[in-house]
């Protein structure tokens with residue numbers, strides 16, 4: 001430990017102790033909070049089913065920064081580079097299109113064996129895995145409907161895909177000893193005025209009921225459903241709205257996924273956490289950064305990211321909220337995007353853990369809103385960065401921007417060789 005860091009760490013502990021915060025306890029708690037990184041940042045959501053396939057379903061990755069992963073081996077190598085620069089516990093979130101198979105396997109036929117390499121890799125890297133069916137970028141999703149499709153055959157195909165995905169998710173949980181959260185998101189909706197809004201939602205409800213009808217061990221698998229306000233090509237009507245999925249998750253007691261980009265531009269998911277937690281057993285968060293809408297920009301250490309982290313910590317939701325990331329920026333180095341976004345989420349969690357929450361809560365109960373506001377603002381100026389640097393050092397990761405040198409060296413050595 002350098003003398004400079006040692007001094008900063010000692011002073012930081014003293015400053016936070018004066019507010020009633022035990023810094024060591026905060027770091028211990030941070031080590032209980034994994035963040036699930038999303039594999040699709042590394043290859044612009046192409047997957048390995050048909051890497052040249054056109055993205056559909058309102059999904060669009062913009063930019064052409066050189067060096068994206070072209071196969072699973074490259075993606076895993078890129079992930080390892082990113083993981084080495086992020087302190088503390090992590091998970092990986094996989095989509096179904098990231099299978100590895102000899103020859104074409106359609107999505108209703110995917111099996112655990114197509115993801116065995118991911119499981120062995122996760123074991124070697126001490127990671128949990130999460131999962132998602134991929135209900136987009138497929139010939140049977142071309143008209144904008146999947147689980148809510150009026151055609152029984154097409155709808156059954158997607159039901160079978162989701163059922164197969166649940167079994168893969170349960171396989172992850174069984175093999176890795178930590179439950180896999182499987183999130184269902186579909187792009188279903190219409191571009192223009194919709195006359196019958198009821199029937200597609202009824203079909204979606206019945207399809208979801210069919211999908212989750214097989215009982216799986218909750219120690220291995222957790223179901224989650226995700227809403228969206230609208231999508232490209234579904235601007236006027238989205239079948240899986242917030243109201244639909246809030247009702248579904250509440251009545252079926254599944255987890256509910258809140259994506260930071262899936263609401264009105266003035267809505268924030270931090271304000272929804274305390275409400276939804278009254279009715280659903282678990283929340284899955286997709287932390288992203290919408291710019292004017294669901295543009296999936298890299299997560300910043302901004303007010304909303306901090307507010308999301310604070311809601312989790314203030315209400316002791318450690319075991320009921322699963323934190324995942326969801327962005328895909330192809331205009332910058334993709335590994336750097338992972339590192340920036342994941343480190344920022346962890347920094348926000350640390351800052352929340354360093355808050356004297358009980359003292360602030362007592363001021364609120366006493367009606368002393370002046371002191372509450374004053375302390376909240378003063379808290380922003382306390383030396384949390386020294387605590388973060390110590391946390392990084394304990395996990396053998398760069399504390400400051402030094403990680404960028406490692407990413408640049410990897411780009412020169414590896415990414416620049418890809419064509």
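Among the residues of the range 185-222, those identified as without any contact (Cβ under 8 Å) to a residue 12 or more places away in the chain and either part of a loop (DSSP other than H, G, I, E, B) or surrounded by 18 or more Cβ atoms within 10 Å (Cβ to Cβ) (or both) are 195, 196, 213, 215.
Conditions tested, residue by residue: (1) under 17 Å from residue 81 (Cα atoms); (2) in the same structural domain as residue 256 (by TED's automatic domain parsing); (3) at pLDDT 95 or above; (4) over 26 Å from the mean Cα position of the chain (by Cα).
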position: 327; (1), (2), (3), (4): no, yes, yes, no
position: 332; (1), (2), (3), (4): yes, yes, yes, no
position: 336; (1), (2), (3), (4): yes, yes, yes, no
position: 375; (1), (2), (3), (4): no, no, yes, yes
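The residue list 14, 80, 6, 24 contains one member that is in a helix (DSSP H, G or I) and under 24 Å from residue 288 (Cβ atoms), which is 80.
Among helices (runs of 4 or more DSSP H) entirely within the range 301-399, having at least 2 residues that are closer than 26 Å to residue 281 by Cβ singles out 303-314, 334-353, 357-365.
Could you tell me whether residue 130 is farther than 18 Å from residue 201 by Cα, outside any loop (DSSP other than H, G, I, E, B), touching a helix residue (DSSP H, G or I) at 6+ places or on another chain (Cβ under 6 Å) and touching a residue at least 24 places away in the same chain (Cβ under 8 Å)? Judged against the criteria, residue 130 is not a match.
Of the residues that sit in the range 278-319 and are in contact (Cβ under 8 Å) with a residue 40 or more places away in the chain and more than 18 Å from the chain's Cα centre (by Cα), which one is nearest to residue 243 (Cα to Cα)? So, considering only residues that are in contact (Cβ under 8 Å) with a residue 40 or more places away in the chain and more than 18 Å from the chain's Cα centre (by Cα), the one nearest to residue 243 (Cα to Cα) is 315. Annotation note: of 11, 55, 85, the sole residue that is crowded, with 19+ Cβ neighbours inside 10 Å and either within 24 Å of residue 287 (Cβ to Cβ) or modelled with pLDDT of 95 or more (or both) is 85. You will find that of 419, 351, the residue that is surrounded by 18 or more Cβ atoms within 10 Å (Cβ to Cβ) and either free of Cβ contacts under 8 Å to residues at least 24 places away in the same chain or in contact with a helix residue (DSSP H, G or I) (Cβ under 8 Å, 6 or more places away or on another chain) (or both) is 351 and no other. Only residues that are in a strand (DSSP E or B) and either in contact with a helix residue (DSSP H, G or I) (Cβ under 6 Å, 6 or more places away or on another chain) or modelled with pLDDT of 95 or more (or both): list them for the range 223-259, please. Correct list: 223, 224, 225, 226, 237, 238, 255, 256, 257, 258, 259.
Note on the range 114-127: residues that are surrounded by 13 or more Cβ atoms within 10 Å (Cβ to Cβ) and not in a loop (DSSP other than H, G, I, E, B) amount to 9.
Scanning the range 400-419 for residues that are farther than 17 Å from residue 347 by Cα and either touching a strand residue (DSSP E or B) at 6+ places or on another chain (Cβ under 7 Å) or not in a helix (DSSP H, G or I) (or both) gives 414, 418, 419.
The values are calculated or read from the model by the stated rules, or taken from the named source; none is laboratory data. Nothing here was measured: the structure is a model prediction, and the numbers come from that model. When we count neighbours, we look across all protein chains shown, and the Cβ atoms used for this are built from the backbone with ideal geometry, even at glycine.
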